[in-house]
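The values are calculated or read from the model by the stated rules, or taken from the named source; none is laboratory data. Predicted model only: the values in this text are computed from it and were never measured. In this analysis, Cβ positions are derived from the backbone assuming ideal geometry, glycine residues included, and neighbour counts consider all displayed protein chains.
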């Protein structure tokens with residue numbers, strides 16, 4: 001009887017649960033900014049694992065540099081600022097899809113900054129000055145052009161130079177830039193470390209609550225891997241909902257993938273983490289880009305927005321996956 005019981009036990013449902021689950025590995029491009037916090041939160045809470053996905057995080061400089069990696073398959077998903085997405089649609093239609101929203105501006109989250117002893121006191125003082133922007137034809141140039149317009153200036157009245165966000169502070173302090181476009185946590189860091197002064201909040205007026213970035217994949221990947229894309233969307237939206245209800249989750253996550261400590265993370269100003277992908281909001285970016293000459297004609301953003309799947313109440317795996325290390329994405 002004992003022998004028979006043992007044999008019967010070998011075929012029991014409990015025994016079958018020991019079979020290793022198969023996961024699909026996806027590489028996701030992130031930046032060390034608040035926009036990307038939900039990727040790490042979704043990892044920590046097992047949301048990707050519940051969808052059969054294993055995420056490897058890859059550091060990218062910006063959406064523009066991530067686009068080739070999405071196209072050649074070295075990345076499956078990446079953070080993508082909306083101007084880069086609009087430019088991609090304008091230049092190479094039907095090659096990229098936005099699968100989820102990531103971040104939206106709020107007051108004091110994006111500013112033009114100057115050194116504490118700078119003679120620049122207002123936007124009207126910017127004529128002839130050297131302005132550091134994150135990348136050309138991006139949220140940084142778009143919102144800076146809108147700020148210049150208020151002072152009766154245009155981009156022809158200043159000099160724009162691309163400057164990686166982590167290098168903005170030293171560029172100002174060494175005199176290589178007169179003004180720098182910054183986001184958090186660099187705004188707070190500059191104020192604390194060197195007394196950096198805010199010249200202008202670029203998210204006001206026609207840029208108030210402007211959508212900043214979403215999560216992108218290539219059109220080819222979306223067509224070939226619909227289950228993985230839908231799983232990525234569901235996992236990420238669960239994390240977006242979490243932080244929309246409790247921004248402290250972002251503050252506690254930031255020190256795990258940026259160089260800011262918990263004390264700084266507790267004081268920075270955070271934007272909004274949207275929980276939908278509404279085209280009317282994102283269309284504002286394309287319309288502003290046309291107004292400021294960054295694209296030549298109208299772009300309907302619905303062409304590159306992939307609708308979100310129905311949400312599920314599937315619980316995350318009780319064993320959260322361990323954090324995955326990061327690697328540099330090749331830019332060549």
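Can you name the residue in segment 272-292 that is over 18 Å from the mean Cα position of the chain (by Cα) and not in a loop (DSSP other than H, G, I, E, B) and, of all such residues, is surrounded by the fewest Cβ atoms within 10 Å (Cβ to Cβ)? In this case the residue turns out to be 280. Looking across 144, 154, one residue alone is farther than 25 Å from residue 99 by Cβ and without any contact (Cβ under 8 Å) to a residue 40 or more places away in the chain. It is 154. Only helices (runs of 4 or more DSSP H) whose full extent lies in segment 205-260 are considered here, and the ones with at least 1 residues that are in contact with a strand residue (DSSP E or B) (Cβ under 7 Å, 6 or more places away or on another chain) are 219-224, 226-245. Answer with yes or no whether residue 102 is buried (at least 16 other Cβ atoms within 10 Å of the Cβ) and modelled with pLDDT under 95. Judged against the criteria, residue 102 is not a match. Restricting attention to segment 161-203, the residues being under 20 Å from the mean Cα position of the chain (by Cα) and under 21 Å from residue 82 (Cα atoms) number 15.
The lone criterion from (1) out of contact with any strand residue (DSSP E or B) (no Cβ under 9 Å at 6 or more places or on another chain); (2) free of Cβ contacts under 8 Å to residues at least 60 places away in the same chain left unmet by residue 94 is number (2). Listed conditions (1) out of contact with any helix residue (DSSP H, G or I) (no Cβ under 7 Å at 6 or more places or on another chain); (2) not assigned by TED's automatic domain parsing to the domain that holds residue 307 are all met by residue 49, apart from (2). Exactly one residue among 112, 75, 67 is at pLDDT below 95, in contact with a helix residue (DSSP H, G or I) (Cβ under 8 Å, 6 or more places away or on another chain) and either crowded, with 24+ Cβ neighbours inside 10 Å or closer than 17 Å to residue 165 by Cβ (or both), and that residue is 67.
Mind listing just one residue for me: the one in segment 179-196 that is touching a helix residue (DSSP H, G or I) at 6+ places or on another chain (Cβ under 8 Å) and modelled with pLDDT of 95 or more and, of those, surrounded by the most Cβ atoms within 10 Å (Cβ to Cβ)? If we take residues in segment 179-196 being touching a helix residue (DSSP H, G or I) at 6+ places or on another chain (Cβ under 8 Å) and modelled with pLDDT of 95 or more, then 180 is surrounded by the most Cβ atoms within 10 Å (Cβ to Cβ). Residues in segment 34-56 that are in contact with a strand residue (DSSP E or B) (Cβ under 6 Å, 6 or more places away or on another chain), outside any helix (DSSP H, G or I) and crowded, with 19+ Cβ neighbours inside 10 Å: 53, 55.
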